[in-house]
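Please treat every number below as a calculation from the coordinates, not as lab data. Source: prediction; values computed, not measured. Cβ atoms come from the backbone with ideal geometry, glycine included; neighbour counts cover every protein chain shown.
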Amino acid sequence: MKMIIIGGDAAGMSAAMQIVHKRKDAEITVLERGNVYSYAQCGLPYYLSDTIPDTDELIARSIDFFREKGIDARVFHEVTHVDAEKQMVYGTNLENGEAFELPYDTLLAASGGSPDMIPVGGAELEGIHTMKTIPDIEKIKQDFKDKEHITIIGAGYIGLEAAENLREAGKSVRIINRSDRLGSGFDEYISDALKAEAHDYDVELVLKEDVHGFVDDGSGRVRAVQTNRGTYQTDGVLVAVGITPNTSYLNGTGVHLHASGAVKVDAYMRTNVKNIYAAGDCATQYHRVKEVDDYVPLGTHANKQGRIAGANISGERKTFQGMLGTAIFRFFRLTVGRTGISMVEAEEAGFDVSCETFEPSPIAGYFPGNKAFKMEMIKDNQSGRLIGLQAAGVHGVDKRIDTASVMIYNEMTVDDIQNLDISYAPPFNSTWDPIQKAARRL
């Protein structure tokens, strides 16, 4: 079996290793546009503050590891188009400019996504960056090394983590965001906690403003950011406004795409075109609460989908059971997380919901070190199920996010939740866990 995998990171290499172990007849070729395999994208912001001092620490498995497994792991090979009828892949070797073509029996699209650049004047200026790869973050760190003030455009996970690490590196930081909230998919209650934390750490917030352009300092470097309301001086810019799936090479194949541009896949990671699979940040994920194909590009999904795709390509029958958009990040002192859907998403999906917000203690209220955190819980009134939870605080957030994700995955009602036998001792919890307390109120 001639197996072609487009993309050498989480989804692609998870699939490759499944096939290596389970299909001894497989000839696996991986086509990677860059030169780094299997690296920790989520760790990139921490290189800015030297929390991670060396980018080599972000590489999970080297290219040599995969080659020793018999995988033809190629670098600087960019796929430009696919002929689904002839089952051929075409592209360019970026090192020498030569064209290549390869036949396949089975093709896996695991090409991830590319960071979006704002389509405004001056976007080509020096000092304006996006962050997705190890070469990206190395270039950013070097460029910002002697700069005093950095502007971040976008207030999602990457933007906020970059802000934290740039402040720790001694930079002055401004965040410009087109909405009035911080945090992707977080409701106002949690966003307000993020705003307060940003204020405490002297991160300037410019909210509800659209970027209209970048100003040249006369030498080809960015000097300022222009919005619909003003001009903001800066020494460097990091644009973190989302990603677009890398799927243009599938144009003309007949592969169905989601509105986001991601490849639509079934539970087996198959596309609608014979012998073409997709996984990771270039593919859709089924949302268990919304009950629709969605696009929530996270590393957890990429690894699961890649593993499942590889197993099915190898002849097994495994399914991706869907996701909840469970995510967590650190913002200075705060741990911030979510699972399920937000109030905004619930309204968009037409749910009739109840919402409870309060500030419980993560441990016994009398125990030293206790510090309340903010929590929001959302119940579907029709079924009584818990369908969303968000939280922000210094302690106790991660435990509640992960616990709630299991509850939502298993479609538990607020009555079911009150009957759970959750561990208790004063240093770790109260006699009723905060989730159970909120469940009683809903």
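Taking segment 117-239 as the region of interest, the number of lysine pairs whose Cα atoms are within less than 23 Å, with members eight or more places apart or on different chains, is 11. Across segment 285-291, computed HN-Hα scalar couplings (Karplus, 6.51 cos²θ - 1.76 cosθ + 1.60, θ = phi - 60°) run 10, 6, 8, 5, 8, 5, 6 Hz from first to last residue, x flagging Gly and Pro. Taking the DSSP beta bridges with both ends in the chain, the antiparallel portion is around 60 percent. In the neighborhood of V75, defined by Cβ-to-Cβ distances under 10 Å, what is the net charge if each Lys or Arg adds +1 and each Asp or Glu adds -1? Overall, the nearby charge balance is 0. Relative contact order for segment 333-441: 31 percent, from Cα pairs under 8 Å spaced at least 6 residues apart, divided by residue count.
Dividing the summed helix terms, -39500 (n - 2.57) for each DSSP H run of n ≥ 4, by the number of residues in the chain produces a 222 nm estimate of -7000 deg cm²/dmol to the nearest 500. Quick one: Cα centre-to-centre distance for segment 127-157 and segment 249-295, in angstrom? Between the Cα centres of segment 127-157 and segment 249-295 lies a distance of 31 Å.
Largest GNM mean-square fluctuation among L102, L389, L205, using the chain with Cα springs under 10 Å: L102. Put simply, the convex hull of the Cα atoms in segment 333-441 casts, on average, a shadow of 6.4 nm².
When peptides 2-15, 425-438 are ranked by their average number of other Cβ atoms within 10 Å per residue, the highest-first order is 2-15, 425-438.
Ranked by the mean number of other Cβ atoms within 10 Å of their residues, highest first, the peptides 196-204, 105-113 fall in the order 105-113, 196-204.
For segment 8-101, what does the alpha-carbon gyration tensor say about shape, rounded, prolate or oblate, given a ≥ b ≥ c as the root eigenvalues, a/c under 1.5 as rounded, and a/b over b/c as prolate? In terms of gyration-tensor shape, oblate. Post the alpha-carbon centroid distance, segment 179-242 to segment 2-16, in whole angstrom. With segment 179-242 and segment 2-16 each reduced to a Cα centre, they are spaced 36 Å. How would segment 295-353 be classified by its alpha-carbon gyration tensor: rounded, prolate or oblate, with rounded meaning a/c under 1.5 and the a/b versus b/c comparison settling the rest? In terms of gyration-tensor shape, oblate. With neighbour counts taken as other beta-carbon atoms within 10 Å, the residues L94, L386 rank, fewest first, as L94, L386.
List the aspartates and glutamates whose Cα lies under 15 Å from the Cα of K22, skipping any in the same chain that are fewer than 8 positions away. In chain and number order, the partners are E316. Summing Cβ point charges (Lys, Arg +1; Asp, Glu -1) relative to the Cα centre of segment 1-151 gives a dipole of roughly 560 debye. The charge dipole of the chain, taken about the Cα centre with unit charges on the Cβ atoms of Lys, Arg (+1) and Asp, Glu (-1), comes to about 860 debye, rounded to the nearest 20. The C-alpha atoms of segment 82-173 occupy a region whose extents along the principal axes are 55, 28, 25 Å, arranged from largest to smallest. Note on segment 182-323: with charges restricted to the Cβ of Lys and Arg (+1) and Asp and Glu (-1), its dipole about the Cα centre is near 1020 debye. Across the options N410, V241, Q390, the greatest Cα extent toward the positive end of the charge dipole of the chain (unit charges at beta carbon of Lys, Arg, Asp, Glu) belongs to N410. By the count of other C-beta atoms within 10 Å, a proxy for reagent exposure, E68, E57 are ordered fewest to most as E68, E57.
Here is the size of segment 117-239 from its Cα atoms: Rg then Dmax, 13.7, 44 Å. Counting every other Cβ atom within 10 Å of each residue's Cβ, H395, H301 order from fewest to most as H395, H301.
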